[in-house]
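Have a look at the structure below before the remarks.
The values are calculated or read from the model by the stated rules, or taken from the named source; none is laboratory data. If you're wondering where the values come from, they're calculated on a predicted model, not measured in any experiment. Cβ placement follows ideal geometry from the backbone for every residue including glycine, while neighbour counts extend to all protein chains displayed. Areas reflect the complete protein model, heavy atoms only, side chains present, ligands, DNA and RNA absent. Shrake-Rupley method; radii C 1.70, N 1.55, O 1.52, S 1.80 Å.
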Amino acid sequence: MQQLLTDLRFDFFICPQLIKEICDVACRKKISKYIGTSDLDDMLAIIQAYCTSVDIKIGVSSSAVRDPKDLYLLSLAKTIDANYIISGDADLTDIGQFENTRIVKLSDFKEMMHL
């Protein structure tokens, strides 16, 4: 993922909710045994260095997703008029497209971009 985030051909956007979710997931017992505190700190430093942080300005209807906890990602995409959401969450990838934003898995994005 670091190689992708540091690829200057792409613009990546984050929001405070996404940073919180990354931290929450990394601290889960089944994940934390693979990602140490220093790994998380390094990842957050890379995210802060190469991603643009934005505040969500446009809300999205809860009917847009199966899991309402994912609404902020669609709202972020709408706020910045994103081309893609890259996610491994089936609740999102099963949607496939939200307005002008394609929702794809990381492996599919890499394949589409010939990475």
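Residues whose amide H falls under 5 Å from that of Ile85, counting only those 5 or more places apart or on a different chain, are Arg102, Ile103, Val104, with hydrogens built in the peptide plane. Springs join every pair of Cα atoms under 10 Å in this Gaussian network model of the chain, and among Thr93, Thr101, Thr37 the largest mean-square fluctuation is at Thr37.
Out of all DSSP beta bridges in the chain, what portion is antiparallel? Express it as a percent rounded to 5.
On the way: 2 of 8 bridges.
Looking only at bridges with both residues in the chain, the antiparallel portion is about 25 percent.
Cα centroid separation, segment 47-115 to segment 18-38: 20 Å.
In the chain, the longest principal axis of the Cα atoms and the axis of helix 37-50 are about 50 degrees apart. Where is the GNM fluctuation largest for the chain (alpha-carbon springs, 10 angstrom cutoff): Val60, Val104, Val25? Evaluated over the chain, the most mobile residue of the options is Val25. Only lysine pairs 8 or more places apart or on separate chains count here, and in the chain those with Cα atoms under 24 Å apart total 18. In the full protein context, the chain carries 66 Å² of accessible surface per residue, based on a 1.4 Å probe and ignoring ligands, DNA and RNA.
Tell me, what % of the accessible area of the chain is carbon and sulfur with a 1.4 angstrom probe?
Numbers: 3810 of 7540 Å².
Reported share for carbon and sulfur atoms: 51 percent.
Using the Cα gyration tensor of segment 48-115, with a ≥ b ≥ c the square roots of its eigenvalues, what is the shape: rounded (a/c below 1.5), prolate (a/b larger than b/c) or oblate (neither)? Mind showing how you got there, number by number?
Working: a/c = 1.89, a/b = 1.19, b/c = 1.59.
Here segment 48-115 falls in the oblate category.
Within the listed set Leu40, Leu73, Leu92, the Gaussian network model of the chain (springs between alpha-carbon atoms below 10 Å) gives the highest mean-square fluctuation for Leu40.
Counting 0.36 nm for each residue step from Ser38 to Asp94 and taking away their Cα separation leaves a gain of 16.9 nm. Exposed loop sites here are trypsin sites (Lys or Arg not before Pro) in DSSP loop states with at most 16 other C-beta atoms within 10 Å. What is the longest stretch of the chain lacking them? Counting at most 16 other Cβ atoms within 10 Å as exposed, the longest clean stretch of the chain is 67-104.
Taken about its Cα centre, the chain carries a charge dipole of about 220 debye when Lys and Arg each add +1 at the Cβ and Asp and Glu each add -1 at the Cβ.
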